[in-house]
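The values are calculated or read from the model by the stated rules, or taken from the named source; none is laboratory data. This structure is a prediction, so every number in the text was calculated from the model and none was measured. To get the accessible areas, we keep the full protein, side chains included, count just its heavy atoms, and leave off ligands, DNA and RNA. Shrake-Rupley method; radii C 1.70, N 1.55, O 1.52, S 1.80 Å.
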Amino acid sequence: MHSLYSEHRTWLHRVPAGTKLLALAALGTGLFWLQTWQALVACTVVCAALLVSLGPAARGAWRVMRSLLVAAVLIAAFHALWQQPLLGITSALRLLCTASLGTMLTLTTRHTDLLAVMERLLAPLSRWGLRPERMALQVALMLRFAEHFFVQWKRLDDAYRARSGRAGGWRLLAPLTIQMLSAARRVADALHLRLGP
């Protein structure tokens, strides 16, 4: 699976992985405490400015963010059809904010660093016979597959645009599902061979 991690060093690369993960959790939770669309618009502007501040490192993320922008518009439109335009706008803004924060984490943090942080956080669970390293690996894989989902979506959309001249939209659901299931199967087989059942 390909990663969005950028080798272009930025100010955010220098922040420890644990600090970034804690900030993401706190800010992501805080977004759901905000109820007014004005406050969420301000947060979205700040998140976009932070992403822009990463410079060339954020170049690969803009394609992903464009796809998320389409998803946000669809969410807002769906709620508008059900006579809930304000709920649609706030939901779309929360999606864009959390996606921007998660993208910045992915762009500037190696998966090995995130895995190490997870192992330290889950270490106390070993007292109850659980294996922190396997649980940390599961969380890391979940994050990686979320990233991989958007990368594959964009690749399929680019290929469809090259052939037809228009966006793929819902037509990409079937090939995307097949590719994600295939990737999951390959990862599962590799883990089974290396770690056992």
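Things worth noting here:
- Overall form of the chain per C-alpha gyration tensor (a/c, 1.5; a/b vs b/c): oblate
- Take the chain with all the other protein chains still there, run a 1.4 Å probe, and you get 62 Å² of accessible area per residue.
- Gaussian network model of the chain, springs between alpha carbon atoms under 10 Å - residue of LEU125, LEU176, LEU137 with greatest fluctuation: LEU125
- Three-way shape call for the range 1-109 based on the alpha-carbon gyration tensor, with the a/c threshold at 1.5: prolate
- Candidates TRP153, TRP170, TRP11: whichever shows maximal mean-square fluctuation once the chain is modelled as a Gaussian network with Cα springs under 10 Å: TRP170
- Cα centroid separation, the range 71-105 to the range 22-46 (Å): 12 Å
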